[in-house]
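Before any comments, here is the structure.
All of the numbers you see were taken from the coordinates with simple rules; none came from a lab. Small disclaimer: the values here were computed from a predicted structure and weren't measured. No Cβ is skipped: glycine too gets one built from the backbone with ideal geometry, and neighbour counts run over all protein chains shown.
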Amino acid sequence: MKYHSGILKTPARRFQPFGEHTVNASWVAVQELERLGLGQSVDLHVCEVPVEYKTVQSLLPQLWKQHQPQLVVHVGVSGIATAVTLEKCGHNHGYKRVDNHGFCPDSQCCVDGAPDCIDSVIDMGLVCKKVNSSSLGVTVVVSEDAGRYLCDYTYYMSLYLGKGRSAFIHVPPLEKPYSAQDLGKALQAVVGEMLELMGAVEDDDLQRCSHQHAH
């Protein structure tokens, strides 16, 4: 969203429990982030996303239209992650696993006719570098494969709807090795850096537009 009155809207979304994750660490982490906040200039909205393809297809367009966010950050849990993982891109094809209702798309893709892969406008490598150089005590890494399940599916849909203005963060299960408090602080630091970069991207776009009009 625009920087009107210095307010940024950043919906943070996490997923319901699924599979072996009876307690979804992403929800616990997002709740902790909501408690910590992102500063007075950030309007943070938190929403739970069901682990269901059809619901993602209908819910995400509604949320993008309702909030008109500057940035949407999705948070999910990964059973194989041992660090906070920033996903660089979302993928359109390869969705063969059934969801919580036993359903998967017949086409096994998110958006028919859309690109195979969409990158976030956020430089995840730079975010990773900045957070890891701090005294946070939580390791952050970058990934290019969000897993071809509801995490990847949701991320692609959000990148498609928001023209790249989205991010996905995978967190490890609780206490493997980080506590809820650790994960909440990590999300706070990561999203804060993402918003800083979004501001720089928008400033660059504005300057380019002004330069073009001047000519």
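Peptides 40-49, 107-116 ranked from most to least packed by the mean count of surrounding Cβ atoms within 10 Å: 40-49, 107-116. Here the Karplus relation 6.51 cos²θ - 1.76 cosθ + 1.60, evaluated at θ = phi - 60°, turns the backbone of the range 29-36 into coupling constants of 5, 5, 4, 5, 4, 4, 5, 6 Hz, with x for every Gly and Pro.
Distance between the modelled labels on S135 and Q68, one decimal in nanometres: 4.2 nm (7 Å Cα→Cβ projection). Placing pseudo-labels 7 Å out from each Cα toward the beta carbon at S179 and R148 gives an inter-label distance of 3.9 nm.
In square nanometres, what is the average projected area of the Cα convex hull of the range 88-166? Before the final figure, lay out each step's value.
On the way: hull surface 24.1 nm².
Mean shadow area of the hull around the Cα atoms is 6.0 nm².
At q = 0.11, 0.13, 0.17 Å⁻¹, what base-10 log of I(q)/I(0) does the Debye formula yield for the range 37-183 when every alpha carbon is treated as an equal point scatterer in vacuo? The calculated log intensity ratios at q = 0.11, 0.13, 0.17 Å⁻¹ are -0.42, -0.60, -1.02. The relative contact order of the range 21-104 comes to 40 percent, based on Cα pairs under 8 Å that sit 6 or more residues apart.
Sorted by packing (mean other beta-carbon atoms within 10 Å per residue), highest first, where do 158-167, 52-61, 68-77 land?
68-77, 158-167, 52-61
Considering only Cα-Cα distances, which of the following residue pairs are longer than 29 Å: K54/K129; K54/K130; K129/K176? Distance filter (> 29 Å) returns K54/K129; K54/K130.
For A167, the residues whose amide H sits under 5 Å from its own are V72, V73, H74, ignoring neighbours fewer than 5 places away on the same chain, with H placed 1.01 Å from N. In order along the range 111-122, the phi-based Karplus estimate (6.51 cos²θ - 1.76 cosθ + 1.60, θ = phi - 60°) of 3J(HN,Hα) comes to 10, 4, x, 8, x, 5, 9, 10, 8, 5, 6, 6 Hz; Gly and Pro are listed as x.
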